[in-house]
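Just so you know, all these numbers are worked out from the coordinates, no wet-lab data involved. Computed from a predicted model, the values in this text were never measured in an experiment. Note that we place each Cβ from the backbone using ideal geometry, even for glycine, and neighbour counts take in every protein chain shown.
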Amino acid sequence: MTAGRFVEPLGLLTGPVAFHALREGFALPLQGGDIAFSFVRLIEDGEDLGVGPIKEVPEDWHDAMHAIAQRPVPFAGLASDRPLVMGVVNVTPDSFSDGGRHFDPAVAIAAGNAMLAAGADILDVGGESTRPGAAAIDAAEEIARILPVVRELAKAAPVSVDTRNAATMQAALDAGAEIVNDVSALRHDPAALTLLAKSQAPVVLMHMPGDDPATMQSRASYDDVALEVAGFLRDRIATCEALGIPRGRIAVDPGIGFGKTLAHNLALIDRLPLLAALGCRVVLGASRKRFIGTLSGVEEAGQRVPGSIAAALAGAARGASVLRVHDVAETVQALTVWRACAAGRAPEG
Ligand code: HH2
């Protein structure tokens, strides 16, 4: 059971309809952005109390509801008026998504620079595959893989380091990385929380059941996956805050494909606005993942680009602030067109 209260934004609106509904008080802006919500579901101690228009929400729920309309502080000082694109640079021999294409540092650096030229806002550099069943590697090996790549790419862009190991986090931050992206939400390595508390680095906290990709799929069991993931992330934010990592430095991620079935992944994307209630930016990493292959019948991860774009746009339409993707140029183009269509006008400038 997920304890406490949650307000889940529903009835999402964009463009001129959102504008009118906001002006007439029939809607509130989701995290202060361009998407508005006109209905909410009230949830208390895991119990669904029902769905209704925002105007009919009882007084004692107003604070919680209005908190969702507040704009979080810009994560890592980055733009917050549009979804950001995080390009994935896996310096691994065994990633599910690109099968070791960027294992050579020079190739990884070139790939990162190409992603920047294509419009990436952040580069996420990782040295350990976390695909289901992947074997862990030690921090020394991970550091040796990523350091030349982080050092070079950090000269050109904000770099996040995708790691569960505190030693790797520290080495990458020293080499110029600005953001820590931990798929274990700072649970795998006990030193990670202290390190983040001491540094000023922003951190992405991701949900996965347990803290080990080798066994996570055997834990894919939830009564209400969206609520349980939101509850888990809320507890992790509380732990971080208690140790001195302010909410403004935290972004949250539902962990698509990490200990989740197809049904779980789809429910998490559909109910992504529930995470807005946590007051942090929301990151979504659906790119090339197995559920896209299952839905489309496409076995080869590199051939899942159209499905990945569809998932990224579904996330953006539900308030995701950062989209973690392998195919940057394609995603940036799709997002640009989707935003103009949703707004009903061409971008300014
Ligand atoms: N997914 C992967 C790795 N890191 N980090 C966040 N925040 N969110 C994600 O969804 C996420 C992540 C897995 O994808 P990939 O890096 O392409 O594969 P691999 O772990 O096999 O290297």
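Quick look at the numbers
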read-out	value
Label-to-label distance, nm, for residues given as H62 and T294 (7 Å Cα→Cβ offset)	4.4
For peptides 55-65, 183-193, 300-310, 283-293, sequence by mean Cβ density within 10 Å, most packed first	283-293, 183-193, 300-310, 55-65
Pairwise label distance in nanometres, A135 with A314, each label 7 Å out on the Cα-Cβ vector	3.4
Value of relative contact order over the range 75-343, rounded to a whole percent, pairs C-alpha under 8 Å and six or more apart	19
Principal axis box of the range 196-306, alpha-carbon based, largest edge first, Å	46, 30, 28
Efficiency of FRET between D270 and D174 - r from beta-carbon atoms, R0 30 angstrom, step 0.05	0.15
Radius of gyration and Dmax over the Cα atoms of the range 87-201, both given in Å	13.0, 37
Rg(Cα)/(2.2 N^0.38 Å) for the range 5-67, N = residue count	1.07
Around A343: net Lys/Arg minus Asp/Glu count, Cβ-Cβ under 11 Å	+1
E44-A3 pseudo-label distance in nm [points 7 Å out on the Cα-to-Cβ vector]	1.6
Average silhouette area of the range 67-135, convex hull of alpha-carbon atoms, in square nanometres	6.5
Convex hull projection area averaged over all views, the chain, Cα basis, nm²	16.5
Positive-end residue, the range 258-304 charge dipole about Cα centroid, Cβ charges, pick of G302, V282, I269	V282
Where N is the number of residues in the range 274-314, Cα Rg divided by 2.2 N^0.38 Å	1.37
Part-to-part distance (alpha-carbon centres) for the range 241-315 and the range 41-114, which is given in Å	8
Estimated FRET transfer efficiency (R23, V107; beta-carbon r; R0 45 Å; 0.05)	0.30
At R0 = 25 Å, FRET efficiency that the Cβ-Cβ distance of K198 and D94 yields, to 0.05	0.20
12 Å beta-carbon shell around P83, net charge (K/R +1, D/E -1)	+2
Degrees separating the helix 225-242 axis from the principal Cα axis of the chain, which is the longest one	70
Degrees, to the nearest 10: 328-343 long Cα axis against longest axis of the chain	10
